[in-house]
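The structure appears right after this line, and notes come after that.
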There are 2 protein chains.
Amino acid sequence: MRVLSRRAPMSQPTAPELVKKPQGEPAGARAAAAAMPNPGRLFQTFNAYQQTAAMRAAIDLDVFTAIGDRQTTAEQIALRAGAAERGIRILCDYLTVMGYLTKQESHYGLAPDAAMFLDRRSPAYMGGAAHFLDAPEMLKAFDDLTGAVRKGGTTWGEDGTVGMENPIWVEFARSMAPMMMMPAEVISRLVEADKGGKRRVLDIAAGHGLFGINIARHNPQAEIVALDWASVLEVARENACKSGVESRYSTIPGSAFEVEFGEGYDLVLLTNFLHHFDPPTNEELLRKVHAALAPGGRAVTLEFVPNDDRVTPPEAATFSMIMLGSTPHGDAYTFAEFERMFSHAGFTRSEHFRHPPLPESVIISYP
Amino acid sequence: MRVLSRRAPMSQPTAPELVKKPQGEPAGARAAAAAMPNPGRLFQTFNAYQQTAAMRAAIDLDVFTAIGDRQTTAEQIALRAGAAERGIRILCDYLTVMGYLTKQESHYGLAPDAAMFLDRRSPAYMGGAAHFLDAPEMLKAFDDLTGAVRKGGTTWGEDGTVGMENPIWVEFARSMAPMMMMPAEVISRLVEADKGGKRRVLDIAAGHGLFGINIARHNPQAEIVALDWASVLEVARENACKSGVESRYSTIPGSAFEVEFGEGYDLVLLTNFLHHFDPPTNEELLRKVHAALAPGGRAVTLEFVPNDDRVTPPEAATFSMIMLGSTPHGDAYTFAEFERMFSHAGFTRSEHFRHPPLPESVIISYP
């Protein structure tokens, strides 16, 4: 074993420090640790999957809602959750280290992110997104990421998530709506939906339908045509009813690559869709979109768009990993790549909008 | 759906910004994002398991060694790894965002942590630790963390990792040695192994055997008795041979709770062992340890020791989560808790040493 016969640089530590005040850390310890190679970070990466597991468990057991509802000790939370106090204590300490909870003596509290997004009583509750993002199939696809890197695409069946009527898209439609509230509002503002006027909107791969529905809420004359798998459209239609826009809501069931779009649309929405496919496939679709637009119409794309270096900003750049794990050919495309695809499909011009802290960009393309 | 009928605070964005220089981010965007609740962090937590998967894939495919060996483009690395260029490009971009790689134009380089710990040619290579820390059984134990929180302990069989001769401990002995080099050296210095003299050392749950072996390397008169499952002791014995200390190395196969220790030990080593059990079980063991010590002997414990608040320092505090997932009753104990266990077992005094950046503490206890 080489580690025993050679002397590793790590094996020459400086004198250890006796902890005199067990509660504190030696002064400067953090700074010193940050400056040198540190196996602790690697240990953290090897264990990063536990962050996901802890968040899922806390959502399953509704720990955040219990704390928001003033059950603040491990004993109280355990009672509410029907769980062991020891399990809750370890879970809540872990969530405190992660920054989702606070801890004062033995009382836990909600950090701002948790109060906003993880307390079920918050209108911005997003805990349900775990059901899509951490669906068992999705986790399973990453069990053999080595295989996916070798192959250059998902090892999850033939088509990963983009196969015919994969039931995960019903889960997507049901659980991702809250995470899409803010991007939907951003799009409505960018297209000045409030200005009204008779507008025809085609919402491709509508999912929960929120993007089209939000435009219809802003503009009482807008008519929305939602396209997706039939099973997914049921969710979109439910949401349209709940928003009271059902009379202006119609649907086209099927694959966006196969069905007829119709024509004369003022807006065609392409939200979180193009990242699933390779550029030639996207260009084929965009030609259909181009043909379906009315004069003066626009295509509106919501996407994770990394900069040309493909490693910034982090949220957009890491999205390509999800595509590698779960699709045969998907990617997080740069704006230059999107511009090229739209241009090849006949569009004359595309504009790129970022809206921090939103991880997605909006691209507006003109025929 | 409540998100459609109530207006969430998140749904009132400020005016979006047109990206004029696609390469840069709007000034102040990061600062603004950090100040407000941000679903991006939650998205990151939902996807954290991908960090572990990416690291495992990179180790499996020996990506870091290829880059250290000057194969710096995705094409070159893919050729070396026998993988798809597209898969390698997405993986390496992801590792760049994580800080393990650097990227200049299309050339990847090793960040300091990766050069030190992940290039197989480095004497401090630790990539093998993934085989223990991310063993399929371990990942599986966290598939139902909700169940473990409910139950207050592992759902992995009856005893999790602490069952009779669980084969994972052979994996531990084989793969974790490099990560234990630095703590082994810290312990040798703390007990002043270099001062020599005839010393008898009992290494309980020896695993790879590194802690005892390192003392034997520092002190040519030291005699080591290693205790572990028979299958694990084979690994320890191999390592003792490689270090040339086999003539002073003997073994006791079996459970530390059942076998006879013998007596007259100057040092008894308890490294990464007590965290697997509850305090009464540990006290029972520590009474045996106490009885086995020679006059003037010491027990030396290596452990993840959180402060009394149980949420700092992060590496020690989060260790309890691994125990919840993989053992029935294990925990990361505070120094006060260890002091109490040793005291109940007859020890008069314990001292606590931290040695940043080492995540573990050393506790020295006197009979």
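The values are calculated or read from the model by the stated rules, or taken from the named source; none is laboratory data. Keep in mind that what you see is a predicted model, and the values were worked out from it rather than measured. When we count neighbours, we look across all protein chains shown, and the Cβ atoms used for this are built from the backbone with ideal geometry, even at glycine. The area values use the complete protein model at the heavy-atom level, side chains included, leaving out ligands, DNA and RNA. Shrake-Rupley method; radii C 1.70, N 1.55, O 1.52, S 1.80 Å.
Judged by the gyration tensor of its Cα atoms, with axes a ≥ b ≥ c, chain A is prolate; a/c meets the 1.5 cut and a/b is the larger of a/b and b/c.
Remark: the Cα gyration tensor places the stretch B:57-118 in the rounded category, a/c being less than 1.5. For chains A and B, what's the summed buried accessible area, probe 1.4 Å, to the nearest 100 square angstrom? Interface between A and B: roughly 12700 Å².
Split the accessible area of the stretch B:68-183 by element, probe 1.4 Å, and carbon with sulfur accounts for 52%. Axis of helix B:230-242 versus longest Cα principal axis of chain B: the two differ by about 90°, to the nearest ten degrees. Remark on the stretch A:106-125: accessible area falls by at least 50 square angstrom from chain-alone to full-complex state for A:D113, A:M116, A:F117, A:P123, probe 1.4 angstrom. Contact with the other protein chains removes 20 Å² or more of accessible area, compared with the isolated chain and a 1.4 Å probe, from these residues of the stretch B:348-366: B:H352, B:F353, B:R354, B:H355, B:P356, B:P357, B:P359.
The residues of the stretch A:119-178 expose, per residue, 40 Å² of accessible area to a 1.4 Å probe. The share of alpha-carbon pairs in the stretch B:144-247 lying farther apart than 19 Å comes to 49%.
Each of B:G196, B:G82, B:L358 was placed along the dipole of chain B (beta-carbon charges, centred on the mean Cα), and the one lying farthest toward the positive end is B:G82.
Other protein chain C-beta atoms within 10 Å of residue C-beta, averaged over B:91-103: 5. At what distance in angstrom do the alpha carbon centres of the stretch A:83-98 and the stretch A:115-150 lie from each other? Measuring centre to centre over Cα atoms gives 20 Å. Hey, could you grab the Kirkwood Rh for the stretch B:100-204? Inverse mean 1/r over distinct alpha carbon pairs, Å, one decimal. Evaluated over the stretch B:100-204, this radius sits at 17.3 Å. Annotation: amide H-H contacts under 5 Å for A:R120 (H modelled 1.01 Å from N, sequence separation of 5 or more, or interchain): A:T65. Close amide H contacts of B:G254 (hydrogens built in the peptide plane, cut-off under 5 Å, sequence separation of 5 or more or a different chain): B:D228, B:W229, B:A230. Between copies, the label points at A:E351 (set 7 angstrom from Cα along Cα-to-Cβ) are spaced 7.0 nm, reported in nanometres from shortest to longest. Compared with the dominant Cα axis of chain A, that is its longest principal axis, helix A:85-97 is turned about 70°. Antiparallel DSSP bridges in chain A: what percent, to the nearest 5? Given both bridge residues lie in chain A, the antiparallel proportion sits at roughly 45 percent. Couplings for the stretch B:297-313, taken from phi via the Karplus curve 6.51 cos²θ - 1.76 cosθ + 1.60 with θ = phi - 60°, read x, 9, 9, 10, 10, 10, 8, 7, 10, x, 5, 4, 6, 6, 10, 9, x Hz in order; Gly and Pro are left as x.
In chain A, the longest principal axis of the Cα atoms and the axis of helix A:335-344 are about 20 degrees apart. Dividing the alpha-carbon radius of gyration of the stretch B:271-363 by the rule-of-thumb value 2.2 N^0.38 Å gives 1.05. Here the peptides A:146-154, A:260-268 are ranked by packing, the mean other Cβ count within 10 Å, and the order with the highest first is A:146-154, A:260-268. Of the solvent-accessible surface of the stretch A:219-367, computed with a 1.4 Å probe and all protein chains present, 51% belongs to carbon and sulfur.
Between A:T348 and B:K140, the FRET efficiency estimated from the beta carbon spacing at R0 = 41 angstrom works out to 0.15.
Ascending distances from the B:G244 label point to its copies in the other chains, with the point 7 Å along the Cα-to-beta-carbon line: 8.7 nm. When the Gaussian network model of chain A links Cα atoms closer than 10 Å, the mean-square fluctuations of A:Q104, A:Q221, A:Q50 top out at A:Q104. Legend: mean number of C-beta atoms from other chains within 10 angstrom of residue C-beta atoms, peptide B:242-252, equals 1.
If a/c stays under 1.5 just call it rounded; otherwise compare a/b with b/c (prolate if a/b is bigger, oblate if not). Do that for the protein assembly as shown, with a ≥ b ≥ c from the square roots of the Cα gyration tensor eigenvalues. Verdict is prolate for the protein assembly as shown. Among B:Y108, B:Y100, B:Y49, the largest mean-square fluctuation in a Gaussian network model of chain B (Cα springs under 10 Å) belongs to B:Y49. Put a point 7 Å out from Cα along the line to Cβ at B:E258; what are the distances to that point in the other copies, in nm, shortest first? Distances between equivalent label points, in nm: 6.2. Between the residues B:G209, B:A53, B:F172, the greatest Cα displacement towards the positive end of the dipole of chain B, with unit charges on the Cβ of Lys, Arg, Asp and Glu, is found for B:A53.
The residues of the stretch A:306-367 expose, per residue, 28 Å² of accessible area to a 1.4 Å probe.
If one computes P(r) from the Cα atoms of the stretch A:168-211, what percent of pairs lie at distances over 18 Å? That tail contains 34 percent of the Cα-Cα pairs. For the pair A:R287 and A:E85, a Förster radius of 51 Å applied to the C-beta separation gives a FRET efficiency near 0.25, rounded to the nearest 0.05.
Cross-linked pairs B:K198/B:K242; B:K242/B:K288; B:K140/B:K288; A:K103/A:K140: Cα-Cα separations exceed 24 Å for B:K242/B:K288; B:K140/B:K288; A:K103/A:K140.
Peptide B:134-143 shows a mean partner chain C-beta count of 3 within 10 Å per residue C-beta. Here the peptides A:244-252, A:173-181 are ranked by packing, the mean other Cβ count within 10 Å, and the order with the highest first is A:173-181, A:244-252. Taking the DSSP beta bridges with both ends in the protein assembly as shown, the antiparallel portion is around 45 percent.
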